[in-house]
C-alpha cells in the first residue's frame, strides 16, 4: 500500500511538471520567442533549463505536438509549426473594428479569469508566483519606456492561467490569443493606450498580483472582476461616443 501511495504521488508530481513545461514552451511560442520554423532547444537543454527529467520533456513535447504547435523531425529536432486555425475555431472572428465584439469577449473573460485568479491564489507554486510578479513588472517597464504593453499584458494574464495548474485555463487563453488585449489593434481607441490609462491598468493588475501572492482567493477574484468589468465600462463609454 505504501508503495502504491508513493507511486501515485510521483505520478501526480510528474503530471504537474509536464503541464508546467508544456505551458512554458507554449507561452514562449505564443510570445514569439520561438517562431514558425524555429528549432526548439534540444531535449538535454530543456531538461537542464527546466530542472526536470527527460521523460517530462518528452511528454511536454508530445502535448505540444498534439496541439499542432510543434513537429518532431527524426534526426533534426523539434520545430515550431505555422499556426493553423481549423474552420469554425472559436474566437477567430473577433472584429476589432466593432467595439461590441470586444465587449462580448470581455464578458466571457470575466467569467473565466475571475475563477482563474482565485485558483491561482491557492494553487500557485513559488516559481509560478515569481513568474506572475515578473510579468507584472515587465508591463510596468513597458509603460516607463513608452513602448507597447499588449504582449506583456497578455503574458501576465497567461501566467495567472498557468498558476491555476489546470491546463484548460491555459488552453482558453491560447484559443483567444491576441484578441485578449484588443487595444493594440482597435483604431478608434487610441485614448485607451494613453499613459494615464495604462497606469490605471497597471494598478489594477497590481491588486490582482498582490492578492494571488498573498494566497487570498476571494480578493484575487474580486480584483480580477474589477479589472475586466472596468475594461468593459471603458469600452462601453467609447462605444457610446462613436
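Every number in this text was worked out from the coordinates using simple rules, so none of it is lab data. Note that the coordinates shown come from a computational prediction; the quantities given were computed from them, not determined experimentally. Because the Cβ atoms are built from the backbone with ideal geometry, glycine has one as well, and the counts that use them run over all protein chains shown.
Three principal axis extents of the range 99-240 based on alpha-carbon atoms, in descending order, are 40, 31, 24 Å.
Using 0.36 nm per residue, how much length does the chain from residue 218 to residue 35 gain when fully extended, once their Cα-Cα distance is taken away? Gain in length upon complete extension: 62.1 nm.
Here 235, 197 are placed in order of increasing Cβ neighbour count within 10 Å, fewest first, which gives 197, 235.
Ordering 224, 30, 173 from the fewest to the most neighbouring beta carbons within 10 Å gives 30, 173, 224. With neighbour counts taken as other beta-carbon atoms within 10 Å, the residues 169, 79 rank, fewest first, as 79, 169.
With a Förster radius of 41 Å applied to the C-beta separation of residue 82 and residue 108, the computed FRET efficiency comes to 0.95.
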